[in-house]
1. Can you name the residue in segment 20-40 that is among the hydrophobic types (A, V, I, L, M, F, W, C) and touching a helix residue (DSSP H, G or I) at 6+ places or on another chain (Cβ under 7 Å) and, of all such residues, is surrounded by the fewest Cβ atoms within 10 Å (Cβ to Cβ)?
2. Mind checking which pairs have a first residue in segment 124-147 that is over 21 Å from residue 12 (Cβ atoms) and without any contact (Cβ under 8 Å) to a residue 12 or more places away in the chain and a second that is open to solvent by 30 Å² or more (accessible area, probe 1.4 Å) and not in a helix (DSSP H, G or I), Cβ under 8 Å, 6 or more apart or different chains?
3. Inside segment 47-75, can you point out the residues that are assigned to a loop (DSSP other than H, G, I, E, B), in contact (Cβ under 8 Å) with a residue 60 or more places away in the chain and over 10 Å from residue 15 (Cβ atoms)?
4. Which of the residues belonging to segment 114-136 are farther than 19 Å from residue 74 by Cβ and surrounded by 15 or more Cβ atoms within 10 Å (Cβ to Cβ)?
5. Taking segment 89-105 as the region of interest, how many residues are touching a Phe, Trp or Tyr at 6+ places or on another chain (Cβ under 9 Å) and not hydroxyl-bearing (Ser, Thr, Tyr)?
6. Quick check: is even one residue across segment 105-113 touching a residue at least 12 places away in the same chain (Cβ under 8 Å), open to solvent by less than 50 Å² (accessible area, probe 1.4 Å) and in contact with a strand residue (DSSP E or B) (Cβ under 9 Å, 6 or more places away or on another chain)?
7. For residue 58, indicate whether it is modelled with pLDDT under 95, of a type in the set (Lys, Arg) and more than 19 Å from residue 25 (Cα to Cα).
Amino acid sequence: MEERRCEQQQQINLIIAEDDEGHASLIMKNLKRAGFKNNFLHFSNGQDVLDFLFMHGKGAHRVPGKSYLLLLDIRMPKVDGIEVLRQIKESSELSKMTVVMVTTTDDPHEIERCHRLGCNIYITKPVDCDNFTDAVKKLGLFLTVVKLPTINGAD
């Protein structure tokens with residue numbers, strides 16, 4: 001009988017848009033613990049996320065043909081997460097990128113607004129550190145099996 005080979009984990013570039021350095025560090029550490037071994041990019045404000053994705057300015061830019069997943073906090077300096085989400089989903093080039101809202105806001109109107117704008121998943125950050133750690137580990141397990149589209153070309 002022929003042995004089946006396990007499919008390799010998809011190479012995902014995970015963008016963490018989080019202005020709280022402690023939360024960002026906790027997210028990265030616990031995703032690694034859950035088996036997520038792909039690249040991490042951390043941005044502490046919404047403008048830097050947009051510059052990276054839309055390839056503006058002199059900083060780092062996304063690489064066409066790669067898969068990206070954005071963990072996006074709503075409350076961000078310079079440009080908030082709602083505006084970042086809106087611009088991504090209105091872009092013909094970036095609209096298929098997976099965006100996961102990760103925020104302390106559990107207001108049903110805010111959740112509905114994010115889904116209307118095109119977020120793929122909305123996760124409320126637990127306030128308790130142990131629950132937050134557990135939620136991130138579960139997200140990490142999910143990310144090890146999810147398949148994402150590539151983002152091609154420039155917008």
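1. Taking segment 20-40 first, the residues among the hydrophobic types (A, V, I, L, M, F, W, C) are 24, 26-28, 31, 34, 36, 40.
Still in the list and also touching a helix residue (DSSP H, G or I) at 6+ places or on another chain (Cβ under 7 Å): 26-27, 31, 34, 36, 40.
Numbers: 26: 17, 27: 25, 31: 23, 34: 17, 36: 21, 40: 15.
Looking at the filtered set, the residue picked out is 40.
2. 134/126
3. Of all residues in segment 47-75, those assigned to a loop (DSSP other than H, G, I, E, B) come to 55-65, 73-75.
Applying the additional criterion that residues be in contact (Cβ under 8 Å) with a residue 60 or more places away in the chain yields 55, 62, 64-65.
Passing the criteria: 55, 64, 65.
4. 133
5. Selection size over segment 89-105: 6.
6. Here is the first cut: in segment 105-113, the ones touching a residue at least 12 places away in the same chain (Cβ under 8 Å) are 105-106, 110, 113.
Filter once more, so that each one left must be open to solvent by less than 50 Å² (accessible area, probe 1.4 Å): 105, 110.
Next, from what is left, pick out any that are in contact with a strand residue (DSSP E or B) (Cβ under 9 Å, 6 or more places away or on another chain): 105, 110.
Scanning segment 105-113, I find at least one residue that is touching a residue at least 12 places away in the same chain (Cβ under 8 Å), open to solvent by less than 50 Å² (accessible area, probe 1.4 Å) and in contact with a strand residue (DSSP E or B) (Cβ under 9 Å, 6 or more places away or on another chain), so the answer is yes.
7. Numbers: modelled with pLDDT under 95: yes; of a type in the set (Lys, Arg): yes; more than 19 Å from residue 25 (Cα to Cα): yes.
The answer is yes for residue 58.
The values are calculated or read from the model by the stated rules, or taken from the named source; none is laboratory data. Just so it is clear, the model here is predicted, and its values are computed rather than measured. FYI the Cβ positions are ideal-geometry reconstructions off the backbone, even for glycines, and counts take in every protein chain you see. To get the accessible areas, we keep the full protein, side chains included, count just its heavy atoms, and leave off ligands, DNA and RNA. Shrake-Rupley method; radii C 1.70, N 1.55, O 1.52, S 1.80 Å.
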